[in-house]
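Reading through the structure tokens given below for one structure.
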Amino acid sequence: MSEAHLSVEPLFSTPMARFQVPDFDQEVLDVDEVDLENDPEWFQNPKQDKVWNHSSHHILLEPEYNDLKTMVESAIESYLYMVLSVQKDITIKHASSWLTIGLDGCATAEHLHTNSVYSGILYLRSLPNSGNLFFVKGDAPSWCSTTILPRISSFNILNSASYEVQPNEGDVFVFPSHCRHGVTVNNSGTRRCALAFNYTLEGLISDTHTNYLKL
């Protein structure tokens, strides 16, 4: 009897897209020149040590950020239509966007984004050892019982509860807003900077008569 062929299907994945922009060069913000202590547009995040936020909750709608908005929305639309095959008459709508600057030694705790459908991050400054972006599965494993958790000899995409990537300047990450994520410690000795964003959908979401929805 011949050896059986093994086929594994990674069912029901959470798609995270990474768009790497070649020759990225943003001139809208000089990260090193921002006077965080004295500029009234910036404030220290009360929940994250050594992390500063811009006061605008809609930074992508500021005229000087229009080129970055185009970049972000192009990434989201590629994710929506090319990766997820959502119908093109359903469009994206900006919900919020903000800037963060993380000093040396900062970290961003695990969290998720509410009141949005898709979220993401555009890295304006990310040098080596600035910290990795990580994603967390949550409390319930997808590959075994919730009450029994066998020891693992080698982690892979099928049995891992977390996933970590090293971002580069110009990288745009897009993922479902319910996906828990954070950033590890910045050990670069300099500032890192990211532009985070949330988007919702609008249009005829469903035309099935029992669950009709238009946003």
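Which of the residues that make up the stretch 107-138 are closer than 22 Å to GLN44 by Cβ, assigned to a strand (DSSP E or B) and of a type in the set (Gly, Ala, Ser)?
Selection gives ALA109 alone.
Please go through the stretch 113-131 and give me each residue that is within 24 Å of ILE59 (Cβ to Cβ) and surrounded by fewer than 16 Cβ atoms within 10 Å (Cβ to Cβ), ordered by number.
If the condition is that a residue be within 24 Å of ILE59 (Cβ to Cβ) and surrounded by fewer than 16 Cβ atoms within 10 Å (Cβ to Cβ), then THR114, ASN115, LEU127 are the ones that fit.
Report every pair of residues separated by at least 6 positions or lying on different chains whose Cβ atoms are under 6 Å apart, first residue within the stretch 70-97 and more than 11 Å from LEU60 (Cβ to Cβ), second acidic (Asp, Glu) and open to solvent by 40 Å² or more (accessible area, probe 1.4 Å).
As it stands, the answer is THR91/GLU202; LYS93/GLU202, since those pairs meet every condition given.
With respect to CYS193, is the statement that it is open to solvent by less than 30 Å² (accessible area, probe 1.4 Å) and touching a Phe, Trp or Tyr at 6+ places or on another chain (Cβ under 7 Å) true?
For CYS193, the condition - open to solvent by less than 30 Å² (accessible area, probe 1.4 Å) and touching a Phe, Trp or Tyr at 6+ places or on another chain (Cβ under 7 Å) - is not met.
Residues in the stretch 31-73 that are in a helix (DSSP H, G or I) and among the β-branched types (Val, Ile, Thr): how many? First the steps, then the outcome.
Step one: of the stretch 31-73, the residues in a helix (DSSP H, G or I) are 31-33, 59-61, 63-73.
In the following step, the residues that additionally are among the β-branched types (Val, Ile, Thr) were identified as 31, 59, 70, 72.
Looking only at that region, the number is 4.
Please specify each residue of the stretch 139-179 satisfying the condition of being in contact with a Leu (Cβ under 8 Å, 6 or more places away or on another chain), part of a strand (DSSP E or B) and crowded, with 17+ Cβ neighbours inside 10 Å.
Those that are in contact with a Leu (Cβ under 8 Å, 6 or more places away or on another chain), part of a strand (DSSP E or B) and crowded, with 17+ Cβ neighbours inside 10 Å: ASP171, VAL172, PHE173.
The values are calculated or read from the model by the stated rules, or taken from the named source; none is laboratory data. Please read these numbers as outputs of a predicted model, since none were measured by experiment. When we count neighbours, we look across all protein chains shown, and the Cβ atoms used for this are built from the backbone with ideal geometry, even at glycine. All accessible areas refer to the heavy atoms of the entire protein, side chains included, with ligands and DNA or RNA removed. Shrake-Rupley method; radii C 1.70, N 1.55, O 1.52, S 1.80 Å.
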